[in-house]
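**Student:** Take a look at the following structure, please.
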Amino acid sequence: MKGINLIGTGDCLHEGWLQTLKEKLIEVSDGIFALKGHEEGVQFILQTELIFTCNINNSKNRKSVHIVFLFPSYEVIDRILKLFEKWEVKNTIGRPFVKCKNNKEVGDRILKIYDQDEFIEVIPAHVMTPNGIYGSQNPIVWLKDFFGEAADRIKIFETGLSADPYILSLIPELDDKTLISNSDAHSPALNRLGREFTTVKIKDMKFESIIKALRENNVIYTSEFNPTEGKYFLTGHRAGKQGHNTSYCIYSPKFVPEDKLCPICGKKLTIGVLQQAMELNKLQGGDREYGYLPPGRKKFVHMIPLIEIIGAYLGIKTYTSKKILKIYSDIVEQFGNECELWFTDQNMIQKKLSGIIDDRLIETINTIKSGNFSFHPPGFDGAYGELKIGDTIDIFEINKIYIDDETKKLIEKRLSNEKSKKKMKNLNSFIK
Ligand SMILES: [Zn+2]
Ligand SMILES: [Zn+2]
């Protein structure tokens, strides 16, 4: 339905899941698997995420980084599991922790994993989210600050939902790297799986060929989730957090308070991807503007899951709604798969869908195709952006603090406490 040919298995080092994979899948070509009885259908490669953790720059600050690993065979997985035993890594959860002392140990261990087979690939995952290599949690400046000696060896980076090549091109040390885009193999939901994907040029469908293509940046294009919809695009604190009932604040980079503290709860704001990338640009000695692309950067497109568009049109937020699913399958049937719809021109869309779905929904789809939409507010602090069709916004001009009455009272009470007075100076002026 999505139009995707190859999916990562997820969690392939987990004992139970590994057993399931061995039972249900059959190897159809080197390192490529398919569901038994569905050999012509969707194919899989052995894949997992690991979380590496270490202390940064000899400080007490621990950073944890999600990393995607691709493995060519079960034999190689056995070798990795032996290493895990030696390192005392528990593989009882789907995404195991590899706890290291410092960046040297991270580097040594990643190189050790690379040593197990020439086609193992190591790909820092969703690099800009708080748990990504460049994430705002205990931030680093250079890859080697976390990856040590392995930094130069790593060639492929995953953009993640809140970032796209525009954002990652603000970071100079990524200029000669391959950028790929993947979404979530954990969820089969139609609005989750295939939100992002990578199209590569390969001569045959073999694990080795895929890895070679990625290493040589033989990417035709990546399909990106709209970063402004991503959960960590702008800086702020969302509603529903402690001390935040229905209050929230959200800022484009130039409006973020200098102390980076939330005017509502006084705690550190969750720094958004856009701001984080702009800061890294400066720290790495760049003077780039948003929109810059280095030579050799591959093409990319932005997509919005069709399910979400139908949901927004109908005003239904439960994406498993029967009504939404029926319309979804009616549309997909006309195009073969969802991706195909986005690569079809507007006239053709009109022709194919006329009489199949409401004319106004066809119009909505074409409005989206022409770029007349926005996510308003954009994603921030773990909340997805909200799709508004037929309305555009300037992501550099958002400066919004909303405080409900209840929170206002709480804050005033807190302000009467001498100690927190200083901290809350910002807000004091705001409330007055
Ligand atoms: Zn992750
Ligand atoms: Zn707050």
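The values are calculated or read from the model by the stated rules, or taken from the named source; none is laboratory data. Quick caveat: nothing in here was measured; it's all calculated off a predicted structure. Methodologically, a virtual Cβ is constructed for each residue, glycine included, from the backbone with ideal geometry; neighbour enumeration extends over all protein chains shown. Each accessible area value is taken on the protein alone, full model and side chains, heavy atoms only, with ligands, DNA and RNA left out. Shrake-Rupley method; radii C 1.70, N 1.55, O 1.52, S 1.80 Å.
**Student:** Among the residues of the stretch 78-102, which ones are assigned to a helix (DSSP H, G or I) and surrounded by fewer than 21 Cβ atoms within 10 Å (Cβ to Cβ)?
**Tutor:** So in the stretch 78-102, the residues assigned to a helix (DSSP H, G or I) come out as 78-87.
If the condition is that a residue be assigned to a helix (DSSP H, G or I) and surrounded by fewer than 21 Cβ atoms within 10 Å (Cβ to Cβ), then Asp78, Arg79, Leu81, Lys82, Leu83, Phe84, Glu85, Lys86, Trp87 are the ones that fit.
**Student:** Identify the residue in the stretch 241-259 that is within 24 Å of the chain's Cα centre (by Cα) and either touching a residue at least 60 places away in the same chain (Cβ under 8 Å) or within 11 Å of ligand 2 (Cβ to nearest atom) (or both) and, among all such residues, is most open to solvent (accessible area, probe 1.4 Å). Full working, then the answer.
**Tutor:** Restricting attention to the stretch 241-259, the residues satisfying the condition of being within 24 Å of the chain's Cα centre (by Cα) are 241, 248-254, 256.
Then drop every residue that is not either touching a residue at least 60 places away in the same chain (Cβ under 8 Å) or within 11 Å of ligand 2 (Cβ to nearest atom) (or both), which leaves 241, 248-254.
On the way: Lys241: 58, Tyr248: 46, Cys249: 0, Ile250: 2, Tyr251: 7, Ser252: 0, Pro253: 27, Lys254: 128 Å².
Top of the filtered list is Lys254.
**Student:** Do we have any residue at all in the stretch 323-340 that's open to solvent by less than 20 Å² (accessible area, probe 1.4 Å) and closer than 26 Å to Leu168 by Cα?
**Tutor:** yes
**Student:** Would you pick out the residues in the stretch 129-142 that are farther than 28 Å from Ile77 by Cβ and either within 12 Å of ligand 1 (Cβ to nearest atom) or free of Cβ contacts under 8 Å to residues at least 40 places away in the same chain (or both)?
**Tutor:** Hit for the stretch 129-142 is Pro130, nothing else.
**Student:** Of these, Lys112, Lys155, which one is away from ligand 1 (no atom under 16 Å from the Cβ), touching a residue at least 40 places away in the same chain (Cβ under 8 Å) and surrounded by fewer than 23 Cβ atoms within 10 Å (Cβ to Cβ)?
**Tutor:** Only one candidate qualifies: Lys155.
**Student:** Additional query: Spot the failing condition for Val65; the list is (1) assigned to a loop (DSSP other than H, G, I, E, B); (2) within 16 Å of ligand 1 (Cβ to nearest atom), and only one is missed.
**Tutor:** The one condition Val65 does not meet is (1).
**Student:** Name, by its number, the condition in (1) surrounded by 21 or more Cβ atoms within 10 Å (Cβ to Cβ); (2) in a strand (DSSP E or B) that does not hold for Asn182.
**Tutor:** All conditions pass for Asn182, except number (2).
**Student:** Examine the stretch 195-218 for a residue that is within 16 Å of ligand 1 (Cβ to nearest atom), in contact (Cβ under 8 Å) with a residue 12 or more places away in the chain and either more than 28 Å from Ser73 (Cα to Cα) or in contact with a Lys or Arg (Cβ under 7 Å, 6 or more places away or on another chain) (or both), and state whether such a residue exists.
**Tutor:** no
**Student:** Scan the stretch 388-415 residue by residue and report those that are open to solvent by less than 70 Å² (accessible area, probe 1.4 Å) and part of a helix (DSSP H, G or I).
**Tutor:** Thr407, Ile411, Leu415
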